[in-house]
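Engineer: Structure provided below as structure tokens; questions to follow.
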Amino acid sequence: MGSERKNLAENRKARHDYFIEETYEAGIELFGTEVKSVKLGKANLKDSYAEIKNNEIFVYNMHISPYEKGNIFNRDPLRPKKLLMHKNEIRRLSGYVSQKGYTLVPIALYQVRGLVKVELALAKGKKLYDKREDIAKRDAQREVEKHFKERYR
């Protein structure tokens, strides 16, 4: 087993709604049936966010569907999940989050060497005109690529 990264879930909307300043890798505290469900790809990061409380980081609104063979061992799909990071990283992030406009957003859920990890982003919210600007740039880039493709056929 190498250290390949296997994506399990992704929050694509986060890159549209936020400027991503930095990303961090964090472990996540899950129970057995939750791990099985995540490895089957039944996790949803849409509208999820992270908060720092009592020098611990928790992820809210991350939906992990109940494992179909889990019966009584299944947990609440939307329960807050604790992230595992070093204390100095948590302190550094809490300093950023206390500044105006910064938030912590989970971008991806992936598996490395059998462990489930979360890619956590320090992000700043985009305004509506920023979103429109990004869409215009993306459309312009597509037009350029289309033009070159037609020209060099």
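The values are calculated or read from the model by the stated rules, or taken from the named source; none is laboratory data. Here the structure is a predicted model, which means the values were calculated and not measured. Positions of Cβ are backbone-derived with ideal geometry, glycine not excepted, and every protein chain shown enters the neighbour counts. SASA here: full protein model, heavy atoms, side chains in, ligands and nucleic acids out. Shrake-Rupley method; radii C 1.70, N 1.55, O 1.52, S 1.80 Å.
Engineer: Is it true that residue 78 is without any contact (Cβ under 8 Å) to a residue 24 or more places away in the chain and in contact with a strand residue (DSSP E or B) (Cβ under 8 Å, 6 or more places away or on another chain)?
Structural biologist: Working: without any contact (Cβ under 8 Å) to a residue 24 or more places away in the chain: yes; in contact with a strand residue (DSSP E or B) (Cβ under 8 Å, 6 or more places away or on another chain): yes.
When the stated conditions are applied, residue 78 passes them.
Engineer: Could you pull out the residue among 87, 46 that is exposed (fewer than 14 other Cβ atoms within 10 Å of the Cβ), touching a Lys or Arg at 6+ places or on another chain (Cβ under 7 Å) and at pLDDT 85 or above? Break it down stepwise before answering.
Structural biologist: On the way: 87 fails: touching a Lys or Arg at 6+ places or on another chain (Cβ under 7 Å).
Answer to the check: 46.
Engineer: Take residue 6 and decide whether it is of a type in the set (Lys, Arg), out of contact with any Gly (no Cβ under 7 Å at 6 or more places or on another chain) and either open to solvent by less than 90 Å² (accessible area, probe 1.4 Å) or assigned to a strand (DSSP E or B) (or both).
Structural biologist: yes
Engineer: Name the residue, out of 29, 89, that is of a type outside the set (Lys, Arg) and free of Cβ contacts under 8 Å to residues at least 60 places away in the same chain.
Structural biologist: Working: 89 fails: free of Cβ contacts under 8 Å to residues at least 60 places away in the same chain.
Step by step, each of 29, 89 is checked, and only 29 is of a type outside the set (Lys, Arg) and free of Cβ contacts under 8 Å to residues at least 60 places away in the same chain.
Engineer: So which residues in segment 25-40 are in a strand (DSSP E or B), surrounded by fewer than 19 Cβ atoms within 10 Å (Cβ to Cβ) and either among the aliphatic types (A, V, I, L, M) or under 11 Å from the mean Cα position of the chain (by Cα) (or both), if there are any at all?
Structural biologist: 25
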